[in-house]
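Values in this text are rule-based calculations from the coordinates and carry no lab data. Note that the structure is predicted; figures quoted are calculated from it, not measured. Methodologically, a virtual Cβ is constructed for each residue, glycine included, from the backbone with ideal geometry; neighbour enumeration extends over all protein chains shown.
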Amino acid sequence: MVLPQLPALPHPPSWFPGHMMKFTRTLPALLKKTNVVLEIRDSRLPLTSINRTLEGALKKWRLERGWDPNNPGRRFFAVEACEHIVVLNKRDLVPDWGLEPFRKAMASKYPHQQLFFASWQRPRDIRSLSEILVNIAKDYPHAMELNVLVIGMPNVGKSTLLNALRNMGIKGRTAKAFQTSANPGMTQTLSTRLKLSLDPLVYAYDTPGVMLPFLGRGTEGAERGVKLALIAGIKEGLYDMEALAAYLLYRLNMLNPISPAYLQLLPPGTAPTNDLEGFLMLLAKRMGMIKRGAEVDLTRAAVYFVRWWREEGGLLSAASSPRLEAGLSTDLNRPVSRTLAWGFDFQWDLQPEDTPLGYKPETVIQQKMEQTIEEYVQATDQEEADENNISQTQVKKKAVQEEKEKRRLKYAAKAARR
């Protein structure tokens, strides 16, 4: 099969309701009574699901608690706990071979963050995370309690995590503390404190999921929006499902061009394809999605394809991913370049010189991931510098506010001279 090409992507919509803006403004005050920030991200989008809207407040919080601005791993004073733990949820939806290289790659770039991969379906992961929080509390025996603030993008599993941690930390039957939903935006206000441990005392707050106010311009912004919509992080209805299906088909072909997971939905013997219409036609016929007049329902097939991937399809995709060694092996008699991908944020080309004799596959992958992370950081910094992360509406509002401030200062100066 010919290497797939990125399909045409729709312009990203704006979805930043008032409750998200309200929480963003109140975050600095909340951090003053917070000891641990649990930032939840999605393992399939470990870079795209970074909540850049909140990073400034988190950086200021760390500095106020004594962390060295020039050495993120050094702390001048430690009167109370101040930890930032990044939890990558849904680890079972990405191939295992990329977990450790990614952990090491992130540690080299963000040494001040603890990185933890988890699946809410694995009690062992919940127990380990609960133990991390309890051990932090024990490091500060004179503190009366440990307060945890859970933040992240919409629909990354914050409320589900807290329910699981409560059930793990409190013996006996406990009521479900927070409502959860497959749709983003269920939590719209800061929750009441939820007790996660009795000895030591650990409390947590659930928070509204906060989307980026503007997803960006050009192909980068469009792709960012489609990725978040695929994991149901954006309100359904803002994207056409066939556009999401086109990008999903492209990504699954990149992850496994020989035997992509979607082949299990099609008739036996079907070959991988880059043709969205042909794929949806086969899928609709096999699933009996026929409208009046014997017309095949392609829209319904697209909806089915996306929702299938969000559930069992993601597990199949991770399980069917080529082994790390197979993805890196080279034929010394016929050197070729290869494309390898992990999740929806990592994709790189491998040249024969990347895999010399005696190489360690994990080291090669870690190096490629470090390069991708560095490129992501540079790109987002450049977006901010060029104000490409601000919509035209935000630019106009900013100009109006600046003009009002100029007039206020002008009138104040006149009044002072009288």
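A few comments on the model shown:
- Estimated 222 nm signal from helices in the chain, with DSSP H stretches of n ≥ 4 weighted -39500 (n - 2.57), rounded to 500: -13500 deg cm²/dmol
- Convex hull of alpha carbon positions in the range 240-320: directionally averaged projected area 5.0 nm².
- Ranked by the mean number of other Cβ atoms within 10 Å per residue, highest first, peptides 220-233, 250-263 order as 220-233, 250-263.
- Kirkwood-Stokes translational diffusion coefficient of the range 256-295, alpha-carbon pairs, 10 °C, 1.306 mPa s, µm²/s: 145 µm²/s
- Charge dipole (debye, nearest 20) of the chain; +1 at Cβ of Lys and Arg, -1 at Cβ of Asp and Glu: 2120 debye
- Relative to the longest principal axis of the Cα atoms of the chain, helix 55-64 runs at roughly 40 degrees.
- Rg over Rh for the range 6-145 works out to 0.99, both radii taken from alpha-carbon positions and Rh defined as the Kirkwood radius.
- Between 0 and 90 degrees, the angle of helix 276-287 with respect to the longest Cα principal axis of the chain falls at about 80 degrees.
- In whole angstrom, the range 193-329 maps to an equivalent ellipsoid with semi-axes of 33, 21, 17, each derived as √(5λ) from the alpha carbon gyration tensor and ordered largest first.
- If R0 equals 22 Å, the separation of the Cβ atoms of T339 and S259 corresponds to a calculated FRET efficiency of about 0.90.
- Peptides 48-59, 85-96 ordered by average Cβ neighbours within 10 Å, highest first: 85-96, 48-59
- On Cα atoms only, tilt of 241-255 relative to the major axis of the chain in degrees: 80 degrees
- Its residue count N sets the reference 2.2 N^0.38 Å, and the alpha-carbon radius of gyration of the chain equals 1.09 times that reference.
- Dipole of the range 18-206 [Lys/Arg +1, Asp/Glu -1 at C-beta], most positive-end residue of A105, M168, G73: M168
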